[in-house]
Amino acid sequence: MKTNSIYSFITCTVLLFSTSCKDETTKTEHTKTETAMSDNILLQDYTGPYGGVPAFDKMKVDQIQPAVIEGMSQGLKDIEAIANNTEVPTFENTIEAMERAGHGLDNVFTYYGIFSSNMSSPEFREVQSQLAPKLSDYRSKINQNEALFKRVKAVYDASQTNPLPADQQRVTQLVYKGFEMNGAELDAEKKKRYAEINKELSSLYNKFGDNVLHDEENYITYLTKDQLDGLSDGFIKSAAKIATDNGKDGQYAITNTRSSMDPFLTYSTERELRKQVWTNYYSRGDNGDQYDNNTLIAEILKLRRERVKLLGYSNYAEWRLQDRMAKTPANAMGLMEAVWPAAIARVKEEVVDMQDVAGDDLKIQPWDYRFYAEKVRQKKYNLDSDEVKQYLQLDKLTQALFYTAGRLFNYKFTPVKEGKVPVFHEDVKVWEVTDKDSGKAIGLWYLDPFARPGKRSGAWATTYRSHTTFDGPKTVLASNNSNFVKPAPGEAVLVSWDDAETFFHEFGHALHFFSSNVKYPTLNGGVRDYTEFQSQLLERWLSTDEVINQFLVHNKTGKPIPDSLVQKIKKASTFNQGFATTEYLASALMDMKLHLADPENIDIDAFERETLAELNMPSELPMRHRTPHFGHVFSGEGYATAYYGYMWADVLTSDASEAFKNAPDGFYDKAVADKLVKYLFAPRNSIDPAEAFRLFRGRDAKIEALLRDRGFPVPTNN
Ligand SMILES: [Zn+2]
């Protein structure tokens, strides 16, 4: 049987704290047979330049369902062929054969991901909800294939006495562990129940996501001309355009998404309107109507608990964390609880500062926090976010990314002529990535920068093809996706400092994809509390002198950002860390506590309230993601009991960043950069992450670096 590479990943890695990520690394396994491929374009191999590229210009929603169904049936046939092989199980005829699977379905999922995240529509959502249980069945059929598991186990057992070459040993271990964690060793009756639970969950996840989306689309606040006080011209222009697009010409639309809510709450002087916009946003999925997620969440928690109990675990978190860097819920909680007191203590100080500005007649409420924080920022640091924005142009920032990648990774980015590579929307741009010296092809970088209806909020990175070498080298097709507000024609795209950091962050994920040196697809997989590290670290290059001096130039005058303003930004970098750390940690703690609690008769609303009270959550701010719209955790399993992972990774980030700070040439130190690429980017999951960090740093990461970074006091007794 001719086998052909594959495995597919829908790796949606979402940015530091960005909204919901449906992602979870979904791996579909299947082997391609020699028979002719389907005439469904979505199943076909990529064709055209650069080792083949997805046919984004030809895809249609109505091709998805038949393509997935046909892809699954091909996949199962191939899995059967591996399972029923009569030869003695070997790495090659079992593990490697599985690695070589999923070509057709792998391709389909590239398009599926676009329709799901970038181009969603009611039509697609219908298809998605029909496919969810079928895909769940498909995965169960593979995970529960006894003959297949027997062969995997035979290879694994043999490898314990006669180790394979390092990368084969690691793939074998990961594949075996995956089976074990997904119920391969259960008896028939338990297996049946296990599969039923997964099927039910997959529908609940979709429903959860749909409900949030419904509330995002249906709670738009329309303003009149006299309600715009405090808002910037750029914001007003785009709000007018969105209103016009929605058939409300002459009004101004504040959409129910973070990118609209956040600037509105920061700048609008209309307190009642701030309250309304705040309430809409933080009530998503919690409006007591048919789109309310509370009972759905209870159902999800119960099913998750039941499922891991079948495997002998006492709770979901314990099961989930065993192959993460943190290893146990206690380790993850330990980190969060070590930082929490410093975070809420800082909130108290921030509120005092804000209360000073607001005066005695106004008590700071959650819809006032951003507004008065901005006032304090201006007073304390004389730093005006809108002034900073004038120096943050999307085009220049894109060049800054390329510069950074050039210095650290030796990559060169060249724009691909329009029309040469198909794109799914006219806003999407593509660059060719090559090695600066050798000219060797690394891959293509797709950028989909702007918000539009049907595109989910936040920012994320994906691959359309990952690097592997076991069947000949494959170049990487990676994408970054953001929700910058598209400017009125002729205006520069100006972004906030936070958005600029996010832009660097997502690019960090892309560089992690591009730099992969692994042989087998499984080794590209992410470890949830580790995969945010590479991206978070890359954010640090935004504020290096090299980037500041070359790329942060005024959009009208072209003059570089004045040093005085840069100094202010640096001085203000720990500003509002009470708010940022507390809103994040409240969500991360909630995620963990929800999964450690007894789900029987759980009342989500009460649980959230009581847990926050126990934590002494300050009343002046909400959780970053309230439970009813916590998509990271409930629209899939990607971040379930894993939201802590951002902070876990940030400990690594702070510590690694100190390694650069202390190096002779700082953030562009050649020796440290080489080690960074060699140990922390290129190996992806082919080395245990804790071991990889030790190779880079000579020791484990220390939490003190994170505390220093956030401007929190560092305890002296450890
Ligand atoms: Zn990320």
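The values are calculated or read from the model by the stated rules, or taken from the named source; none is laboratory data. All values derive from a computational prediction rather than experimental measurement. Positions of Cβ are backbone-derived with ideal geometry, glycine not excepted, and every protein chain shown enters the neighbour counts. We work out accessible area using only protein heavy atoms, side chains counted, and drop any ligands, DNA or RNA first. Shrake-Rupley method; radii C 1.70, N 1.55, O 1.52, S 1.80 Å.
Details
- Taking the stretch 383-410 as the range and being outside any helix (DSSP H, G or I) and open to solvent by 20 Å² or more (accessible area, probe 1.4 Å) as the test, the residues that pass are ASP384, GLN390, TYR391, GLN393, ASN410.
- Contacts under 9 angstrom Cβ, first residue in the stretch 414-439 being closer than 17 Å to ALA478 by Cβ and open to solvent by 20 Å² or more (accessible area, probe 1.4 Å), partner of a type in the set (S, T, N, Q) and part of a loop (DSSP other than H, G, I, E, B), 6 or more apart: ASP435/ASN410
- Hits in the stretch 451-465 - residues which are more than 16 Å from the ligand (Cβ to nearest atom) and at pLDDT 95 or above: TYR464, ARG465
- When PRO618, PRO599 are checked against the criterion of being part of a loop (DSSP other than H, G, I, E, B) and open to solvent by less than 10 Å² (accessible area, probe 1.4 Å), PRO599 stands alone in meeting it.
- Residues located in the stretch 444-459, provided they are under 24 Å from GLU501 (Cβ atoms) and not in a loop (DSSP other than H, G, I, E, B): TRP445, TYR446, LEU447, ASP448, PRO449, PHE450
- Residue among ALA500, ALA492, ALA510 that alone is within 14 Å of the ligand (Cβ to nearest atom) and more than 27 Å from ALA97 (Cβ to Cβ): ALA510
- Residues within the stretch 265-308 that are more than 17 Å from MET623 (Cα to Cα), surrounded by fewer than 19 Cβ atoms within 10 Å (Cβ to Cβ) and of a type in the set (Lys, Arg), tallied: 2
- When TYR50, TYR7, TYR46 are checked against the criterion of being away from the ligand (no atom under 16 Å from the Cβ) and either among the small types (Gly, Ala, Ser) or at pLDDT below 50 (or both), a single residue qualifies: TYR7.
- Test: residue in the stretch 640-663 that is more than 22 Å from ASN410 (Cα to Cα), among the small types (Gly, Ala, Ser), assigned to a loop (DSSP other than H, G, I, E, B) and open to solvent by less than 10 Å² (accessible area, probe 1.4 Å): yes
- Verdict on ALA253 being over 16 Å from LEU494 (Cβ atoms) and either of a type in the set (Gly, Ala, Ser) or assigned to a helix (DSSP H, G or I) (or both): yes
- Condition met for ILE569 (more than 16 Å from the ligand (Cβ to nearest atom), β-branched (Val, Ile, Thr), within 30 Å of VAL476 (Cβ to Cβ) and assigned to a helix (DSSP H, G or I)): no
Residue-wise test of (1) under 25 Å from ARG684 (Cα atoms); (2) open to solvent by less than 50 Å² (accessible area, probe 1.4 Å).
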position	(1), (2)
LYS141	no, no
ALA147	no, yes
LYS150	no, no
ALA166	yes, no
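- Within the stretch 513-565, tally of residues that are under 21 Å from LEU447 (Cα atoms) and under 13 Å from the mean Cα position of the chain (by Cα): 5
- For the stretch 411-433, the set of residues classified as in contact with a helix residue (DSSP H, G or I) (Cβ under 8 Å, 6 or more places away or on another chain) and closer than 18 Å to ALA55 by Cβ consists of PHE424, HIS425, listed by residue number.
- On inspection, ASP545 does not qualify as within 16 Å of the ligand (Cβ to nearest atom) and modelled with pLDDT under 95.
- Residue within the stretch 468-480 that is of a type in the set (Lys, Arg), more than 16 Å from the chain's Cα centre (by Cα) and buried (at least 20 other Cβ atoms within 10 Å of the Cβ) present: no
- Among the candidates LEU538, LEU523, residue that is within 13 Å of the ligand (Cβ to nearest atom) and hydrophobic (A, V, I, L, M, F, W, C): LEU538
- Residues that are in a strand (DSSP E or B) and more than 15 Å from the ligand (Cβ to nearest atom), drawn from the stretch 474-489: VAL476, LEU477, PHE484
- Matching residues in the stretch 665-718 - criterion: being open to solvent by 70 Å² or more (accessible area, probe 1.4 Å), touching a residue at least 12 places away in the same chain (Cβ under 8 Å), within 14 Å of ASP650 (Cα to Cα) and not in a helix (DSSP H, G or I): LYS702
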